[in-house]
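Contents: one structure, followed by commentary.
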């Protein structure tokens, strides 16, 4: 894919001199209570910069509301050997919590995180992780490192903000943010203390907004108000008036009219996301409005075209993949003959990094594999973006490529100039860049390697299916196909054999031919219209052969009647009579009417010479020829006539034909009665006439000989063409036989595939049966709804709650009354579909049963929301048990208050599980204070006597259910009551005749004793 050149529009550069001078805080913005993102789906803003960034951060945070709902990560260039005070500095600008990043810290909204010195920062599943840098300090690119990680993890929630700084760090990472539908914002270079970093970011043309720091918070909040992830799913928008069915086709049409490129073969989801990004940039909410905006603004069509072409590339993307490619290319190179050429094609080359990476890899490989053998290298790098191709041809890249290119390669293949790295000439000479549309233009062929990485993922499945046979046709037998990590060839495993599954490297198989698969090839090479025949060919086809009566005869008659009254014939340049008008018996042998005979053969003897000469002159001069006083012998004697030959040019159907007319002239009596054409001529006149005829005959003979020689050459050429056509037909016959074998093989594969489908159908049927039995066995009432709340299916137990029948499927849920004492069922379903959150409630039916109702979004295997699921689980028994438990609790509480004898229930660790008010009053405490207290500490240790403790412990150990003790006498001091004698008893508590792990301890008698 080519990169988007997304120039910053003037309407996007919202900073004016006035605005830069007066910085108005935005803390008084409208409330954002309803725009808070989900807990784990909030935007993550990367604030990136180096020199002069503190001033930009101060102006940014002082204008930011503390309740934005976003997390902010500040990534700057810090000295590796000095402690950073940036967190304390930023804390002085904002009320948000500012934290130095610690390893594996979880990102939280409305917090600011500061990168520590001498660390690389990455994010995974919403947590920040610190890594020890592997690059030297002079080559480190911490901003690019973090942005690439952020783009992959947060995708559309990622926001990149490039602030003041030196160098070009961040210009690669922001491309990845843009590719994953994130947003890129850059500080206006005019407001930056050091503008190198903002200008490097703008040079990528992957920027959404260019603003001064005080205006950035407001734009951020507006952008978050319309996030891509917050829109309804695509399925729910099909019938919305704001996006009619044909809006996308109209956008495709406008792009094709202006650029000539058709995006109808691109994946719809990707196209929609790109269009929505442009709509967000212009704050347009409806597709119909955006279509009208495109019609009125041709520049926006160009911007959208470049947005759709957006692609991210870098040198040696997935370095392990290139190492694997090296391994498999060795075998390909070893099979090449000396002085042969290694041909490589990289479609969708973008700005050239991948093509040059291939060039460097192959040059290194040629040095390793038989360096003494000379092999040529030719790499074709193509793209549909002229700007990207022009950029790639120059081969000039910013300094931040040091993070992707090793120092050894930098030294060998690059030379540094003016703060940039340029590809050396030895690499640029082997790479040919050209404009090429992969879904329209013919491919490059005879390839040893075809590298198409991260291009197919943007194309529709139909176009991918059409491209794979093309790739197979373009690659030599044994050649390699190198795809991106997210692409595959599962549909065409017969064409390519995987050699590295992880890095998607495959070898072309030696199948008979992939040409039968190119029948539906959508490119121009297979859709050339048959050339129209030349007009002369059309005329030849028109004038040869007989003309039947009909429109042709009618047209001839009209022309003759409008211009000529005398007898006439229409002939072609060969003299073949096409039409006869009038009575021509005096001049020609054939009778009036249609004829296929030749005029030169049928003309009377004395007219043959004159007619032949006149026709020949008319054809040569392209003008009419008129001969007067031409004699012809008739039954009445000699007759003088005017012979006219006219070359017709219109109408079109008669163009190129000749009209020969015979018009009698007044003939003197002497001439009419003469015996022959030469009867009254002198000897010299006769000789002159004969000489004239002889010269004409010689000329005609010479012309005939030349025509014969030309015809002979044409016949030889035709014979050669026929021989070539015969060979082609033989080859076609062989291919047809091969195709027949392939079709037989394909038929066998289809039969095998059909068998697999039958087995899969049986598995699905079995799974459906299992699912039905599972749902029936659970006896859970379940209703499946689509996005419009229409009933798709339900289980039989639903009938106890809503009176549904099989014929009710497809009807809206709102049409049915439920047997529930609950009025908000439809409202809850709408809430689930709108917010994608579950709803749960306990509901009672009118018949008295209780149900737990749960409403969940219906998610497909592709994680699309396709409706909702309502389940009703009967919990009547649980509700009854709950009521009984509450009654038991109330009974226990009543016993505590009303039972007069002092009792307490002890657990096996001698803690109090139950105590009544009488016991608490004797001990001098309250029931609440005694609950869960140890027997040894109650009443300030009044019962902590060994005789009581031992007797109680023996009860826990005794297995006899009737075990008990009585008349245990304790003399003790009770709090606030003085010295008393207590007589106690104890027995094991039973449940259904079995001992429990509790003992009942009671006080039978309380006697007050004299202190002495």
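Restricting attention to the range 797-815, which residues are within 16 Å of residue 851 (Cβ to Cβ) and out of contact with any helix residue (DSSP H, G or I) (no Cβ under 7 Å at 6 or more places or on another chain)? Result: 797, 798, 799, 800, 801, 802, 803. Here residue 283 meets the list (1) more than 30 Å from residue 472 (Cα to Cα); (2) free of Cβ contacts under 8 Å to residues at least 24 places away in the same chain; (3) more than 21 Å from the chain's Cα centre (by Cα) almost entirely, failing just condition (2). A residue that is more than 20 Å from residue 277 (Cβ to Cβ) and surrounded by 20 or more Cβ atoms within 10 Å (Cβ to Cβ) can be found somewhere in the range 300-314.
Identification of strands (runs of 3 or more DSSP E) wholly contained in the range 820-928 with 1 or more residues that are assigned by TED's automatic domain parsing to the domain that holds residue 1001 yields 902-906, 912-915.
Hey, does the range 355-377 have a residue that's at pLDDT 90 or above and under 25 Å from the mean Cα position of the chain (by Cα)? Yes, the conditions are met somewhere in the range 355-377. Restricted to strands (runs of 3 or more DSSP E) entirely inside the range 101-142, those with at least 1 residues that are under 23 Å from residue 224 (Cβ atoms) and touching a residue at least 60 places away in the same chain (Cβ under 8 Å) are 120-124.
Being modelled with pLDDT of 85 or more, touching a strand residue (DSSP E or B) at 6+ places or on another chain (Cβ under 8 Å) and in a strand (DSSP E or B) is the requirement here; does residue 499 meet it? So residue 499 passes the test. Of all positions in the range 149-163, none carries a residue that is farther than 25 Å from residue 62 by Cβ and part of a loop (DSSP other than H, G, I, E, B). Of the helices (runs of 4 or more DSSP H) that lie entirely inside the range 529-648, those containing 1 or more residues that are at pLDDT below 80 and within 30 Å of residue 671 (Cα to Cα) span 551-563, 599-602, 605-621.
If the condition is being part of a helix (DSSP H, G or I) and modelled with pLDDT of 80 or more, then the range 280-298 contributes 288, 289, 290, 291, 292, 293, 294, 295, 296, 298.
Within the range 781-793, not a single residue is in a helix (DSSP H, G or I) and surrounded by 12 or more Cβ atoms within 10 Å (Cβ to Cβ). Filtering 955, 984 for residues that are touching a strand residue (DSSP E or B) at 6+ places or on another chain (Cβ under 6 Å), within 22 Å of residue 901 (Cβ to Cβ), in a strand (DSSP E or B) and modelled with pLDDT of 85 or more leaves a single hit, 984. The residues on offer are 721, 707, and the sole one that is surrounded by 10 or more Cβ atoms within 10 Å (Cβ to Cβ), outside the structural domain of residue 492 (by TED's automatic domain parsing), modelled with pLDDT of 75 or more and over 19 Å from residue 510 (Cα atoms) is 721.
Evaluate the range 969-981: report whether one residue or more is free of Cβ contacts under 8 Å to residues at least 24 places away in the same chain, in a strand (DSSP E or B) and buried (at least 17 other Cβ atoms within 10 Å of the Cβ). Checking the range 969-981: not a single residue is free of Cβ contacts under 8 Å to residues at least 24 places away in the same chain, in a strand (DSSP E or B) and buried (at least 17 other Cβ atoms within 10 Å of the Cβ). Restricting the range 194-207 to residues that are surrounded by fewer than 22 Cβ atoms within 10 Å (Cβ to Cβ) and touching a helix residue (DSSP H, G or I) at 6+ places or on another chain (Cβ under 6 Å), which is farthest from residue 154 (Cα to Cα)? The qualifying residue farthest from residue 154 (Cα to Cα) is 195.
For the range 751-762, the criterion of a residue being touching a helix residue (DSSP H, G or I) at 6+ places or on another chain (Cβ under 7 Å) and surrounded by 10 or more Cβ atoms within 10 Å (Cβ to Cβ) is satisfied by no position.
The values are calculated or read from the model by the stated rules, or taken from the named source; none is laboratory data. All of these numbers come straight from a predicted model, not from anything done at the bench. Every residue, glycine among them, receives a Cβ derived from its backbone with ideal geometry; neighbour counts consider all protein chains shown.
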